[in-house]
Each structure stands twice: as C-alpha cells, then as structure tokens.
Amino acid sequence: MKIKLGSSIAQKFPGVGYTLILVKNAENLRKISSLSQLLRGTAVVTKNELKKVDRKNLFSQVTEQMTAEGAVFLEGYLLANRVKKILAGKEVEGKNNLINLVGFLSLKYFLPIHGFDLDQAEKDYRLHLYQPKKGKKAPDLDFLPETRNFVLWFPNLGNWKDEEIDRFVLEIDQCLAKYFHTGITEVFHLDSGLPEVDLGYESELEKTYREQKKEEEREEEASLAENTLPENSILPVGGQLIESETQPSIAEKIKKWLTEILNSSFTEISVLESLEDLSEWLEIEVPNDPGHGDLSTNTALKLAKLLNQPPRPLAEKMVQELQKKAESEPGLMAKVEAVGPGFINFHFDLQYFQSRLSELLRQKEKYGRHNLGHGEKIMIEWGSLNIAKPFGAQHFMTTIIGNTLVNLYRVIGYQVLSADFPGDWGTQFGKSIYAYKHWGDKDQVEKDPVNELLKLYVKFHEEAEKDPALDQAARDEFRKMEEGDQDNFKLWQWIVEVSTRDLYSIYQTLGVKHDRSYPESKYNEACLRILEKGKQLGIVTPGEKGAYIVDLEAEHLPPALVQKGDGTTLYTTRDLASIEDRLTGDPDLKKLVYVVDVAQTLSFKQLFAIAKRFHQADPSFPTAEFKHVAFGRMSFGDKGMSTRKGNIIQGREIIKEAHDRAEKIVREKLLENGAKFSPVELKNLIHGLAIGAIKYAMICQSPESDLVFDWDKVISFEGNSAPYLQYSLARASSILRKADHPQPDPESHREESSPLKTSKQVSEDQITLFSLEQTQKYSQKAEDLAAAEAGQTPFSQPLEQALLRLLVQFPDKVAAAALTYKPNTLTSYLHELAQTFNSFYTAVPVIKSSRPELREARLELVKAAVQVLRSGLQILGIATFDRM
C-alpha cells in the first residue's frame, strides 16, 4: 500500500509536509468507556478554550492556512466540522474507540488528523485537496470496531516545530499502548522531496484488486530481441531515430478530448488536481465484449469519487461534450454512449476503420512506428552473463526480454543503446582460481571451457562443505588479484577469454548483440575512488568488522554494504562506478533501464538511492532516470537452478532440443504433405522455428511471473506460440501469391471454404497451428456463390470487421508494450490477430469471391494482416517466412 502526495498540494503548498503513522494489530472491538469520557471532557475544555483569544486564533490559523481558492485540506475541513459541533453543543462521540481517539487528539491539539482502515483499502491512496459541496457529507473516518490495521496522518504547513510533531507522535503511541494494546509500527514523513511512501502492507482486498487488475490486463490487452533482425526489418540499425509516420491513435485523441472537457466543463477539478494527476484517470480500454464498443473509459466513475457526485449524470454530461467533439470529425465516431453506472463506450464508424486500413497499406513496414520518444537517448542493460559459468536456461529471460524492449523502444522513437555488464570480477573468480590451481587441467578447459569450469566450480563447493576454510582461501585468491598479483591476474584473463568466446557464441545463435559493454573488471580503481569520495561526503560510513555501508534509513531501505571488511568491493559498488562511467561517456542519456531478475529488486532500490545521494552531495556526479525491469524466476520441474550444485539446464541443450523438435514437426507436418524446400531453405526454416519458439516462450507471459521450465510448454508448436504465428503469416502470404498467380498453387490444391459457414462454427473448429490444411472445405458453384454474396458490401461480414478492428490496434499495442515494459502485450495481440485471421481465412472466400469489390476489399485485409504479423514478429526478433 502506497500513499502519494497529490501534485496540486505540492504546487500550492510547496512547504507542506505530512506525518504518517502506521499501526498494526490494534484491539478495537471492546468499547472503552474511559476513552469516551476523555473525548467528552476534551470537548468541554476545547469549547471553553475557544473563548480565549489566543486559542481561538490558533484554531483559525490552523484552519485558514489550509484553505486555498475554494479547496481545502480534507483534514482541516474535518477538524473545523468537529469544532462546529462542539460550539453547537452536538454530540462528538464516535461509534468506536479509534474514532474517539482521533477526535480526542484532534480537539486537544487542534490537530487536522485523518486516516483509514488498511484492510478496507483496495489500492494506493492519494492525498489531495477537497472541494466542499453543499448538501454533500465529507468523507470521514472509515474505522470499524473490527479495524486492526490502519494509518493516521496529519499535514504540517509550518505551524508546528519538529519537537511538537514528536510530542504528537509520542502521545499517539502512549494512547495506543494504553487503550489498544499495541504501538506505532512505523512513522513516515512525506513532502515534495519524497512525494510517495510504501507502507509495506498489503490487505486481502488490495491483493485481490491487484490480481484482478492483472487478470484484466491479461484479458483486455489480450491480448496488450535483438539488434540484428531478419531481412526487411522495420527497426533502425545502430539505434538511429526512425521518423514516425503513424498518426496519433484514436485512444490518444479521446484522451485529448477528455482532458479538454475536464478543463472546460469541470473547472472545480483544477483546484484539486493538476492535469498530470488527471492523466492517471484517463484510462482508455478495449472492452472484452465487442457489443460494448471499440473503446471504453471509466473516467466518470473516478471523477464522481473525487467530486462526491453520482457517476451516471457525470458520464452523460461528458458524453454530450464528446459527441460535439466527434461531430467535428465526420466519419470517425458512429456513437458515444453512457452505460451502466457510468462507463462511456465509443463505437467507431466503419469509415474510420477503412481509412486506417488505407493508411496501413500505404505505410507498409512503417505502420506501427511512433515518435513518442522524440529521439531521446536511453540505455537498456540485459544479459550481463557471469563469466566462467554456463549460459543457463534462466539467462534466456534477461536476454530475450531485454532485447525485445530495445526493439520496442526503437520503434516508438527512442535512440536506444543496448548495454552489457558481464560479471567478470568478484569472489566467484577466487573460487575458480583456487579450484583450477588444485584440480584443473588446461587442455580439458581449452577443449570445453564452460563445462570444465563449471565442474571445477561445483567441485569447489562440494569440497568447501567438507572444509569451510576453503571459502577464506578463495577470498584470499580474489584479494590477491585485486591487489595486483600477476599470476592470479593472468590466470583470470585466460579464464575470461576462453569462457567469453564460448558464452557469447549463444548470443550469435540467438541473433542478438550489444552496442556497449561495461565489464565489471573495468571498475577496480573507480570503485576505490568512489568509495573514498563517498567517505569524504559522509555518504559511506563505517559498518561492522571493518566493512563500509551506506545508511539508507531516510529512503526506508536497509543499509547497503559497499565494501567488505577485507577491502574487496561488491556488485553495488561496481554498478555505481558503471553508472558514473555510462553517464559521463554518454551525457545525453536520459534513462538507464536494467533488465534483471526479481531477486535483485532490493539491490537496485539501494543502488538508485545511493546514486541520487552522490548527485545531491556532488552535482558533478551524473544522474538520470533509473528503472529496474524485474522478471520472475525460472525453474524446471520441482527443482531450482543452482550453478553451485550444477543442476542447471544449459542454453545449448535448449537450443538443440528446440532444433530437434522443430525438425520433427517440419518433416511430419510439411514435408510428408508434399512441401518442397531447398537444403538452405529447410535449414533456415528449422532454425527460425526453433529460435522463435524459445524467444516467444520467454515473452508471452507477464515478465514478473515465474516461468516453470517444461519442454512441452517452452518448445510448443501449438496454441499461443511463435510457430503458430509464423505459419499463420505463411498462409496469409500464400493467398496473396494465389491472387497474383491464379494458376494452381503447388502448396495446396484445396478450395477456399464456403461463405455460408458462420463465425460461431469457425470458433468451434478450434483452429490450431496445422489444422488449417486439414479443415474440410468445399467449393460452390459460381452461381451459388454469387447468390450468397448478392447483398454483401465490402467489410460488411462480422469476421471482416473483427479483423479490421484488430489491425488498426497495432500501433497502440506496440506503444503499450514498450511503455509498460511488457512485451507480452504485443505477443497476446499478435496471437489474437492470428486467430482472427485464421477464422476469416477459413470462412470467407477471398480469391473466389464472385464480385470484384468484395475480392479487392478482402485482399486488402489479407495484405494488412501479412504486414502487421510480419512487423510484429520482427519486433520480437522472430524470423518470418512467406512459405511453409
């Protein structure tokens, strides 16, 4: 659960600060009469005190300071209401102990305090100004007798000193201990410098909400790697900026309309939130049910909560304005409607889809590009193998996710540098050197470097379990190397050289490469210099047993170890030195993105916090925006992967198995059915299917999800897989060949299917990868087909319209996949597109249509499907084939 400071507060009150108090396990069920009496007594005292000029002025100062342009701090508004009740002689006692405690503290100190029950909260909470509405009750405390876990907060506009705030917190803690048998779990401070804090608590409701949102993303996105791509790639070479031709999407246009309407017709919002905050509300989604429109938004529902008004009238008011916007652009929108409790659905005009189809066909391979990045330079780090260890199955995750993100960001107009941070330094080399000296054979290592070095590494850990003194011996070997020992240094160089050559050959097999490489060993001297600088600046401080740390308590993080007691450095230290090196070498870099597994989440939070500390203390230390893209762990069967124990699936094993399975399917499904390929074509086809299947398996699910490695799932040629998409593209290409060359196609002599087949029947066929060729199709006499198509117009068939609607979504899906760091947004879309195309292909005659205008329109759909499937697969780094 996070609490965020609304930008409107920070802008109007730049000096404002909030004190947040987290409380867990409070006992609130039993009504405590003494607390009720304390509240009533305080109310009497407060009423009398308000007769005194100084106390009245204090109250006025607190409440008046919290008012701005008709909007107020909600906390101050509730305090004023409570005081008005006292002066009017009304009852102030609440329904349970927590409400009475807040009332007591509020009246005793004129403290504008508020809070909520954490277990009733579904999502993060934003602190914002409040717009009082006549006849509308302000949202008060939601504490129940069952409330056990909650948060309290109060704003400070500078009218309290730190010692006064400490006194408030202390009294709250004492009251909690006395009346609720608990205490304060943690205190947070929020201000414009730290506008967001994570309470470190997740309720069941929040967990359910988060899971539902993930499920919605999976369903609604549906649905929403490398620098060397197949021939005719739509990506730039070497990170060059692509000039965008794709027009702003309809979703972007609707967001612009909504922003204009909120500004012009809901002026009260500008007092509460800035446009930047409002942009979070402008969610435009594709409904699961096509009957609910082409796009939908719940903006009115969110607005209603802020304005404390019923959502349906707000939605209807917004629809009136949206209709005016739509009318100014004929042929765009067929209908805008308010439905349900306050959703707004948009139904596009068929003319709009046809215009986008024309744009797609005109732009060809350029369709889907954006200029969202405006040439901004960013760096994405992925791969970063540990040298002298095998390329394991888990390394596919960082390699393929990272390189796909590089491709995606280039397509949307960023100048991207792909970076590598190979782990060629560290204590593990002390272990490898010790093991080689005692048990190694140079000739064996030269023949098979990675496997032999792995055996030595595993043997070291087996022996270390028997004799723990070996761990210290390995540390001594590494320390000697850091101190310049020539024998160890030369041995290290040889180990790095032979293992790097072997490891990076897998990158070549996958068709990926980096623009920059920053080996850890590069930063030995830089680490020492940065550590010394950090000590001088007071950032790096002594820890235990001679070690050095960075205390990150202010960032609500545990201390980060940056130098061990024996003087050796760590990943964090070398990462920090690399940040300085990268940003100094490329000073126009705006963002550094790290694609590393979820286990390193805390390490990256610490690293980014330390880098910001250095920049704040010394502006000459470069800074940028930092982002860690975490992905789930990979396991196989019921085992985890461990280099120390040697139970890993090596990358070469996966590639070989994929090739074997791809070759088997090609022979069974294609060659035995009469397909003819030259030896070179066959080799390329098998390789493209194998590598494509591996890549797709790594990115077809949400990155943060764990991947259980299973041969049948990872190397699958059915369902949601790369070969299914590749084959769908090949089938679509075959239709275009038939259209250009009417003579019988050697691939297939079968007729196209009957137009009488319904979309429902098509879906029940459950079309999979190779079932298209087995689908029973029959030909109609020309006169029967003409009769069936007599009343049809171009794009009038449901399957035509379904395909048309999907095709125009491609640019939005590409942008969403990049900006959310989720390649599975694109893979899900491409899978849905292939399924829809296959349904269309099976049910709707294209070449054999009896009317030229229908034939031409359907061929346009096929051409567009070919273009989008090809472009999408190339972004994913997956080979495409026009014939299979």
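Starting from the range 157-177, keep only residues that are closer than 25 Å to Ser34 by Cα and open to solvent by less than 40 Å² (accessible area, probe 1.4 Å), then list their pairs with residues that are at pLDDT below 90 and basic (Lys, Arg) whose Cβ atoms are within a distance under 9 Å, requiring at least 6 positions of separation or different chains.
Listed pairs, sorted by first residue: Glu171/Lys108.
Return a yes/no flag: does the range 129-142 have any residue that is surrounded by 18 or more Cβ atoms within 10 Å (Cβ to Cβ), in contact with a helix residue (DSSP H, G or I) (Cβ under 6 Å, 6 or more places away or on another chain) and under 23 Å from Ala43 (Cβ atoms).
yes
Among the residues in the range 437-448, are any assigned to a helix (DSSP H, G or I) and open to solvent by less than 30 Å² (accessible area, probe 1.4 Å)?
yes
Please state which one of Glu462, Glu452 is open to solvent by 50 Å² or more (accessible area, probe 1.4 Å) and charged (D, E, K, R).
Being open to solvent by 50 Å² or more (accessible area, probe 1.4 Å) and charged (D, E, K, R) holds for just one of Glu462, Glu452, which is Glu462.
Would you mind finding the one in Thr572, Thr584 that is surrounded by fewer than 17 Cβ atoms within 10 Å (Cβ to Cβ), in a helix (DSSP H, G or I) and within 29 Å of the chain's Cα centre (by Cα)?
Thr584
Determine which member of the set Val102, Val151, Val92 is surrounded by 15 or more Cβ atoms within 10 Å (Cβ to Cβ) and part of a strand (DSSP E or B).
None of the other options fit; the residue is Val151.
Yes or no: the range 20-43 includes at least one residue that is closer than 15 Å to Phe73 by Cβ, open to solvent by 10 Å² or more (accessible area, probe 1.4 Å) and in a helix (DSSP H, G or I).
no
Could you check the range 56-84 and list, in sequence order, the residues that are at pLDDT 85 or above and either open to solvent by 70 Å² or more (accessible area, probe 1.4 Å) or in contact with an Asp or Glu (Cβ under 7 Å, 6 or more places away or on another chain) (or both)?
Leu78
Specify the residue that is most open to solvent (accessible area, probe 1.4 Å); the eligible residues are those in the range 509-553 that are among the hydroxyl-bearing types (Ser, Thr, Tyr) and part of a helix (DSSP H, G or I).
Thr509
Have a look at Gly375, Gly426, Gly392 and point out the one that is open to solvent by less than 10 Å² (accessible area, probe 1.4 Å), on the phi > 0 side of the Ramachandran plot and out of contact with any helix residue (DSSP H, G or I) (no Cβ under 6 Å at 6 or more places or on another chain).
Exactly one residue qualifies, and that residue is Gly426.
Is it the case, given these coordinates, that Ala577 is within 30 Å of Val416 (Cα to Cα), open to solvent by less than 20 Å² (accessible area, probe 1.4 Å) and either assigned to a helix (DSSP H, G or I) or at pLDDT 95 or above (or both)?
Spelling it out, Ala577 is indeed within 30 Å of Val416 (Cα to Cα), open to solvent by less than 20 Å² (accessible area, probe 1.4 Å) and either assigned to a helix (DSSP H, G or I) or at pLDDT 95 or above (or both).
Take the range 470-508 and flag every residue that is open to solvent by 60 Å² or more (accessible area, probe 1.4 Å), farther than 25 Å from Gly877 by Cα and either at pLDDT 90 or above or charged (D, E, K, R) (or both).
Gln472, Arg475, Arg479, Lys480, Glu483, Asp487, Lys490, Glu497
Evaluate the following for Gly368: is it open to solvent by less than 30 Å² (accessible area, probe 1.4 Å), within 27 Å of Ala815 (Cβ to Cβ) and in contact with a helix residue (DSSP H, G or I) (Cβ under 7 Å, 6 or more places away or on another chain)?
For Gly368, the condition - open to solvent by less than 30 Å² (accessible area, probe 1.4 Å), within 27 Å of Ala815 (Cβ to Cβ) and in contact with a helix residue (DSSP H, G or I) (Cβ under 7 Å, 6 or more places away or on another chain) - is met.
For a quick check of your reading of the model, give me the residue pairs whose first member lies in the range 567-595 and is of a type in the set (S, T, N, Q), whose second is part of a strand (DSSP E or B), with beta-carbon atoms closer than 7 Å and at least 6 apart or on different chains.
Qualifying pairs under 7 Å: Thr569/Gln563; Thr572/Ala560; Thr572/Val562; Thr573/Val562; Thr573/Gln563.
Please go through the range 353-391 and give me each residue that is touching a strand residue (DSSP E or B) at 6+ places or on another chain (Cβ under 6 Å) and either assigned to a strand (DSSP E or B) or closer than 30 Å to Lys863 by Cα (or both), ordered by number.
Lys377, Ile378, Met379, Ile380, Glu381, Asn386
Could you list, in sequence order, all residues of the range 668-684 that are under 30 Å from His395 (Cβ atoms) and open to solvent by 70 Å² or more (accessible area, probe 1.4 Å)?
Val680, Lys683, Asn684, listed by residue number.
Yes or no: the range 273-286 includes at least one residue that is of a type outside the set (Phe, Trp, Tyr), part of a helix (DSSP H, G or I) and at pLDDT 80 or above.
Scanning the range 273-286, I find no residue that is of a type outside the set (Phe, Trp, Tyr), part of a helix (DSSP H, G or I) and at pLDDT 80 or above, so the answer is no.
Within the range 812-831, track down each residue that is of a type outside the set (Val, Ile, Thr), under 18 Å from the mean Cα position of the chain (by Cα) and in a helix (DSSP H, G or I).
Result: Asp812, Lys813, Ala815, Ala816, Ala817, Ala818, Leu819, Asn824, Leu826, Ser828, Tyr829.
Let me confirm something: among Ile686, Ile691, Ile655, which residue is part of a helix (DSSP H, G or I) and over 32 Å from the mean Cα position of the chain (by Cα)?
Of Ile686, Ile691, Ile655, the one residue that is part of a helix (DSSP H, G or I) and over 32 Å from the mean Cα position of the chain (by Cα) is Ile686.
Looking only at the range 597-626, count how many residues are closer than 20 Å to Tyr409 by Cα, among the aliphatic types (A, V, I, L, M) and open to solvent by 30 Å² or more (accessible area, probe 1.4 Å).
Summing the residues that are closer than 20 Å to Tyr409 by Cα, among the aliphatic types (A, V, I, L, M) and open to solvent by 30 Å² or more (accessible area, probe 1.4 Å) in the range 597-626 gives 0.
For Val540, are the conditions met, namely being in contact with a Leu (Cβ under 7 Å, 6 or more places away or on another chain) and either of a type in the set (Val, Ile, Thr) or on the phi < 0 side of the Ramachandran plot (or both)?
yes
Being assigned to a helix (DSSP H, G or I) and of a type in the set (Lys, Arg) is the filter; apply it to the range 849-884 and report the residue that is least open to solvent (accessible area, probe 1.4 Å).
Result: Arg858.
Would you say Leu830 is within 30 Å of Val629 (Cα to Cα) and open to solvent by 10 Å² or more (accessible area, probe 1.4 Å)?
Spelling it out, it is not the case that Leu830 is within 30 Å of Val629 (Cα to Cα) and open to solvent by 10 Å² or more (accessible area, probe 1.4 Å).
Only one of (1) of a type outside the set (Phe, Trp, Tyr); (2) surrounded by fewer than 18 Cβ atoms within 10 Å (Cβ to Cβ); (3) closer than 30 Å to Glu465 by Cβ fails for Ile387. Which number is that?
Condition (2) is where Ile387 drops out.
Could you tell me whether any residue of the range 411-421 is within 15 Å of Ile387 (Cα to Cα) and at pLDDT 90 or above?
Yes, that holds for at least one residue.
Consider the range 186-204. How many of its residues are outside any loop (DSSP other than H, G, I, E, B), open to solvent by less than 70 Å² (accessible area, probe 1.4 Å) and either closer than 21 Å to Glu122 by Cβ or among the charged types (D, E, K, R) (or both)?
Final tally of qualifying residues: 4.
The values are calculated or read from the model by the stated rules, or taken from the named source; none is laboratory data. Every value quoted in this text rests on a predicted model; they were computed, and no experiment measured them. When we count neighbours, we look across all protein chains shown, and the Cβ atoms used for this are built from the backbone with ideal geometry, even at glycine. Side chains included, ligands, DNA and RNA excluded: accessible areas come from the protein's heavy atoms. Shrake-Rupley method; radii C 1.70, N 1.55, O 1.52, S 1.80 Å.
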